[in-house]
């Protein structure tokens, strides 16, 4: 197994496992560090990590003070890897892992009234998954609170700005073949944000 270095927070310098299976791709530490430099303080935030792979983004967020995280990954072997990584750092109680495809997970989380401050997605490159996944956040919106979306994608995947109605581009950075695009959106379907009086 390869190792992925955590770049900040209480576990800075520690390494977690990454799959060495052919075709597996993970975000380099320097790119992940750059993402969090842009995001800034995540203390107390809630994070959703879609297409989670080894769970490195969620674990990095928890290391930096994130309150809760959810990892969504369709590959069972990768889910087992995420669980091992969480267990190694005693983070199991702070992060749920769902063995699901993103297109099923987002409606599922909506129905369960989960809500998040930061949504990270790193789908397979150039497969059309980004726009497909973004569209899931356009339906049945019941809240009016800004969210931060962090999208990792190939430099050959070009998105219009805004990526969809109600979305605003915050930053776009390129690291070799990889691009990181950050957006805010004020309309997403997590009914957990609805306040009851």
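Coordinate-derived values only; no laboratory data. Computed from a predicted model, the values in this text were never measured in an experiment. Positions of Cβ are backbone-derived with ideal geometry, glycine not excepted, and every protein chain shown enters the neighbour counts.
Subtracting the Cα-Cα distance from 0.36 nm times the residue separation, let me have the gained length for residue 126 to residue 108 in nm, one decimal. All intermediate terms of the calculation are to be shown ahead of the outcome.
Working: separation 18, 0.36 × 18 = 6.48 nm, distance 2.53 nm.
Stretched fully, the residue 126-residue 108 segment lengthens by 3.9 nm.
Starting from 0.36 nm per residue, how many nanometres of slack lie between residue 96 and residue 41 once their C-alpha separation is accounted for?
Working: separation 55, 0.36 × 55 = 19.80 nm, distance 2.18 nm.
Full extension from residue 96 to residue 41 adds 17.6 nm.
Order of 53-64, 36-47 by packing, highest average Cβ count within 10 Å first? Write out the running numbers ahead of the final one.
Working: 53-64: 26.4, 36-47: 15.3.
Ranking the peptides 53-64, 36-47 by packing returns 53-64, 36-47.
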*With N set to the residue count of the stretch 1-113, report its C-alpha Rg divided by 2.2 N^0.38 Å to two decimal places.*
1.00
